[in-house]
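Taking it in order: structure first as structure tokens, then the write-up.
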Amino acid sequence: MEIGSIPFAASLPRVSAVRKDDGAGEAGSRPAAPGRELSPEERRQVRELQARDREVRQHERAHHAAAGPYARSGASFDQQKGPDGRSYAVGGEVKIDTAPVPGDPEATIRKMQQVRRAALAPRNPSSQDRRVAAEAAAKEAEARAESRARGDEDDGPSGHSAPGAYDEAGPPPGALLDAIA
């Protein structure tokens, strides 16, 4: 694993297919025994593997697309060979740069917001995805605190924060909020 990056793994449950290493090759190759019909149980296993493969690839595509410039790799996949001799993706990851931007808390805030969006981009984020999102939120909060300490917050011309500009904790007690219903 690269320093400053965390893999987003599709930790979805593995299917019950049997691993078969008969040297038949990767997806798109012919079955191990040409002309041999698959049993009903093997056909069921192949359907499960195909569905799992689609789900994993879609999950990792969502991470990669949302990561934008912070993606450090394309998706990599854990493969499982089906009874048809083809390989199917059953797990995967996309490496994302999660390191703070040195000396620029505002850039770190923007980056961690995008990292969090990338972690939570799939329809069903895994527990690892949620951990990454929480770590990005913590780094974002640290960057906000650093920005406040340095006086980098967006101060209006009067030197006060712009109206309606609240931190992640929300408005201060007694503040009025405009609500449109």
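The values are calculated or read from the model by the stated rules, or taken from the named source; none is laboratory data. None of the values given here were measured: they were computed from a predicted structure. Positions of Cβ are generated from backbone atoms using ideal geometry, with glycine treated the same way; all protein chains shown enter the neighbour counts. All accessible areas refer to the heavy atoms of the entire protein, side chains included, with ligands and DNA or RNA removed. Shrake-Rupley method; radii C 1.70, N 1.55, O 1.52, S 1.80 Å.
Figures for the structure shown
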item	result
Which listed residue, of 95, 81, 111, 139, is charged (D, E, K, R), under 30 Å from residue 36 (Cβ atoms) and buried (at least 16 other Cβ atoms within 10 Å of the Cβ)	81
Failed item in (1) without any contact (Cβ under 8 Å) to a residue 60 or more places away in the chain; (2) in contact with a Leu (Cβ under 7 Å, 6 or more places away or on another chain), with residue 129 passing the rest	(1)
Check on residue 119, under 16 Å from the mean Cα position of the chain (by Cα) and either open to solvent by 10 Å² or more (accessible area, probe 1.4 Å) or closer than 30 Å to residue 44 by Cα (or both)	no
Within region 49-78, tally of residues that are surrounded by fewer than 17 Cβ atoms within 10 Å (Cβ to Cβ) and free of Cβ contacts under 8 Å to residues at least 40 places away in the same chain	10
Number of the condition not met by residue 147 [criteria: (1) open to solvent by 70 Å² or more (accessible area, probe 1.4 Å); (2) part of a helix (DSSP H, G or I); (3) modelled with pLDDT under 95]	(1)
Members of region 51-91 that are within 23 Å of residue 114 (Cα to Cα) and among the β-branched types (Val, Ile, Thr)	56
Conditions (1) in contact with a helix residue (DSSP H, G or I) (Cβ under 6 Å, 6 or more places away or on another chain); (2) assigned to a strand (DSSP E or B); number of the one not met by residue 83	(2)
